[in-house]
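There's a structure below that I have some questions on.
The values are calculated or read from the model by the stated rules, or taken from the named source; none is laboratory data. This structure is a prediction, so every number in the text was calculated from the model and none was measured. Methodologically, a virtual Cβ is constructed for each residue, glycine included, from the backbone with ideal geometry; neighbour enumeration extends over all protein chains shown. Surface accessibility is based on the protein's heavy atoms, side chains included, excluding ligands, DNA and RNA. Shrake-Rupley method; radii C 1.70, N 1.55, O 1.52, S 1.80 Å.
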Amino acid sequence: MVGNITLTMIKPTAVKKGFIGPILAKIAEGGFKIVAMKFTRLSLEQAQKFYEVHKERPFYGELTEFMSSGPIVAAVLEKDNAVQAYREYIGATDPAKAAEGTIRALYGTNLGENAVHGSDSDENAHIESYFFFSELERF
Ligand code: CMP
């Protein structure tokens, strides 16, 4: 079964550059409904837990330090086939390779500081959503 939610984070550099508003507008424009959202900051330990699947990767240290370096916006988005639809909508991981008009092409800085995160599977969308939000925080 194809899921209907995905988890996104607006990453620290995009927050610092003032892109929360434009990115949320773009998310709405793409037909994604925000069902949960918070402005928060991850500790290094929380970032390490969130990105645990990448712990063997060479960029794990850099990634988790960056993701805990400043505030972020986390949100659960709802749409049919949300994971795949959002991945297409945000563009390739590297903003330099992301299709024109995608969120990462518009607001990303580089491979690590690529404006937004998007879940890569329905299973991870659920795990990541529960990482940030309880049932009481979803509407
Ligand atoms: P994200 O969608 O948050 O999921 C994992 C993140 O790891 C990814 O976006 C990138 O920002 C980051 N990432 C992937 N490859 C590299 C890399 N080679 N160097 C630094 N960060 C990377």
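Helix-only mean residue ellipticity at 222 nm, the chain, DSSP H runs n ≥ 4 weighted -39,500 (n - 2.57), per residue, nearest 500. What is it? Don't jump to the answer; show the numbers that get you there.
Numbers: 7 runs with 55 residues, N = 139.
Mean residue ellipticity at 222 nm (helix-derived): -10500 deg cm²/dmol.
Run the simple label-point estimate for Lys38 and Asn110 please: 7 Å along Cα→C-beta, distance reported in nm.
3.1 nm
Under 22 Å Cα-Cα from Lys79, which lysines qualify once same-chain neighbours fewer than 8 residues away are excluded?
Lys11, Lys26, Lys33, Lys38
For region 101-139, list residues with backbone N below 11 Å from a point placed 7 Å from the Cα of Val53 toward its Cβ?
Flagged as within label range: 118-129.
Could you pull out every residue, at least 5 positions away or on a different chain, whose amide H is within less than 5 Å of the one on Val116? Hs are placed 1.01 Å off N in the peptide plane, and Pro or chain starts have none.
Lys11
Now a separate question. When you count, for each residue, the other Cβ atoms within 10 Å and take the mean per peptide, how do 6-15, 113-122 rank with the highest first?
In descending order of packing, they fall as 6-15, 113-122.
Among the aspartates and glutamates, which have Cα under 17 Å from the Cα of Lys17 when same-chain residues fewer than 8 positions away are ignored?
Partners found: Glu113.
In Å and whole numbers, how far do the C-alpha atoms of region 61-129 stretch along each principal axis, longest first?
Computed over region 61-129, the largest-to-smallest principal extents equal 30, 28, 18 Å.
What helices does the chain hold that run 15 Å or longer along their axis, going by alpha-carbon atoms, with a Kyte-Doolittle average of -1.0 or more, using DSSP H for the helix calls?
Working: long enough: 122-132 (16 Å, -0.67).
In the chain, the long hydrophobic H runs are 122-132.
Let me know the whole percent of all Cα-Cα pairs from the chain that are separated by more than 18 Å. Present the calculation step by step, with values, prior to reporting the outcome.
Numbers: 4985 of 9591 pairs.
Above the 18 Å cut-off, the chain has 52 percent of its Cα pairs.
Per residue, what accessible area does region 5-134 have, given a 1.4 Å probe and all protein chains present, in Å²? Each step should come with its number before you reach the end.
Values: 6410 Å² over 130 residues.
Accessible area per residue, region 5-134: 49 Å².
Right, something else. With labels modelled as points extended 7 Å from the Cα through the Cβ direction, what inter-label distance (nm, one decimal) is found for Asp80 paired with Glu137?
Going by the 7 Å Cα→Cβ label model, 3.0 nm.
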